Amino acid sequence: MFAQQIINAISLGGVYALLALGLAIVFSIVGLINFAHGELMTLSGYALLAALVFGLPFPLAVLVAVSCGALAAVAMERIAFRPMRGASVTSLLLTSFAVSSLLKVVFQNGISARPQAVAMPGWMTGAFSFGDFTIGVGPSISIVVSALALILLETFLRRSVTGTAMRAAAEDFDVVRLMGIPASRIIATAFLLSGLLAGLAAMLWVAQRASVDPLMGFTPVLKAFIAAVVGGLGSLPGAVAGGFLLGIIEVLLQATLPAAIAPYRDAIVLSGVIAVLLLRPQGLIPAVRVQRS
């Protein structure tokens, strides 16, 4: 039972890590907390539902859904955030809230306010045994996909020219622009990667719940934001660490708390977050920032 809970915790933490990493990538370069990130996740869920309704094979439907999330993120940056470039942080936050609210209304009135069932393949609901304990196929896939996505992203950021430019921009964006690297390309790539990560997280979330609704992305992205703050806002390793830490704490508390205290699980988790930030106000792994004299 304990091993099963650990697997569930890592699975949930992987989803939070993907979402927190998407938030951290955009924040590290633009200084924007994109609260419309959850709607990218919801859009990917609806794209998966539509692809399956049109009869596409499941792997192709997943590819379509993740691509929709990535393209929507690029379109969001081009239409909503690029005209606001250079605006105050407050204006950017209001813009992200406006985009988020607009998309929620579109989902609720254009599709349905009720949850829509997603027909997942039968093999995803199965399980396989190792010795004395059973592992669900869904959580196992979630762990593998999360790990591969994080490894591929790390490889891209370390080995590619664009990835190197993005890491440099996260430390000192002004110097990167002075070196002749187009700011628009770096920012668009950051949004593209955040959309890809949101799409992948949506697939893992839908696989565990087999449904999609207009508010699907709100709770996981809110918790991913908390994870990003705990890890160190703007720190990519910190976002991953915070996501896994939050997922593990949530699942273990759910499994161990007495029934009378279980309804207060989220309050206990947030109390732990406050304690961590009191000890380390900059987060577990603070973001690197260049200090100018």
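With the convex hull of its Cα atoms as the shape, region 59-213 has an orientation-averaged projected area of 12.3 nm².
For Ala127, the amide hydrogen comes within under 5 Å of the amide hydrogens of Val137, counting only partners 5 or more places away or on other chains and with H modelled in the peptide plane.
Of all complete DSSP H helices in the chain, those with a Cα span along the helix axis of 18 Å or greater and a mean Kyte-Doolittle hydropathy of 0.0 or more are 2-30, 37-53, 58-76, 89-110, 137-159, 183-209, 218-231, 236-256, 265-279. The order of Tyr46, Tyr264 by accessible area, most exposed first and with a 1.4 Å probe, is Tyr264, Tyr46. Here the label points at Ser271 and Ala168, each 7 Å from Cα along the C-beta direction, are separated by 4.8 nm in the simple model.
May I ask for the net charge around Met41, where only other residues with Cβ less than 14 Å from the Cβ of Met41 are counted and Lys, Arg are +1 while Asp, Glu are -1? Can you show the working numbers first?
Details: positive: Lys104, Arg209, Lys223; negative: Glu39, Asp213.
Neighbourhood net charge equals +1.
Toward the positive end of the charge dipole of the chain, with +1 on the Cβ of Lys and Arg and -1 on the Cβ of Asp and Glu, the farthest Cα among Phe173, Ile249, Leu52 is that of Phe173. In this structure the amide hydrogen of Ser235, modeled in the peptide plane, comes within under 5 Å of the amide hydrogens of Ala287, none closer than 5 places in sequence on its chain.
For Leu279 and Ala98, what is the calculated FRET efficiency with R₀ set at 30 Å and r taken between the beta-carbons, to the nearest 0.05?
Numbers: r = 36 Å, r/R0 = 1.19.
After rounding, the FRET efficiency stands at 0.25.
The residue list Gly122, Leu236, Val137 was ranked by how far each Cα lies along the charge dipole of the chain toward its positive end, using unit charges on Cβ atoms, and Leu236 comes out on top.
Considering only Gly272, Gly231, Gly195, the mean-square fluctuation computed in a Gaussian network model of the chain, springs between alpha carbons under 10 angstrom, is largest for Gly272.
Only Lys, Arg, Asp and Glu count, each charged at its Cβ (+1, +1, -1, -1), so figure out the dipole size of region 2-216 about its Cα centre, rounded to 20 debye.
Details: 11 positive and 8 negative charges, 79 e Å.
It comes to approximately 380 debye.
Split the chain at each of the trypsin sites (Lys or Arg not before Pro) in a DSSP loop with at most 14 other beta carbon atoms within 10 Å, and the longest piece is 86-288.
Looking at the chain, what % of the alpha carbon pairs are farther apart than 26 Å?
45 percent
Our note on the geometry: Cα centres of region 1-30 and region 197-220, 13 Å apart. Close amide H contacts of Gln116 (hydrogens built in the peptide plane, cut-off under 5 Å, sequence separation of 5 or more or a different chain): Val212, Asp213.
The values are calculated or read from the model by the stated rules, or taken from the named source; none is laboratory data. Keep in mind it's a predicted model, so treat the numbers as computed, not measured. Positions of Cβ are backbone-derived with ideal geometry, glycine not excepted, and every protein chain shown enters the neighbour counts. For accessibility, only protein heavy atoms count, side chains too; no ligands or nucleic acids. Shrake-Rupley method; radii C 1.70, N 1.55, O 1.52, S 1.80 Å.
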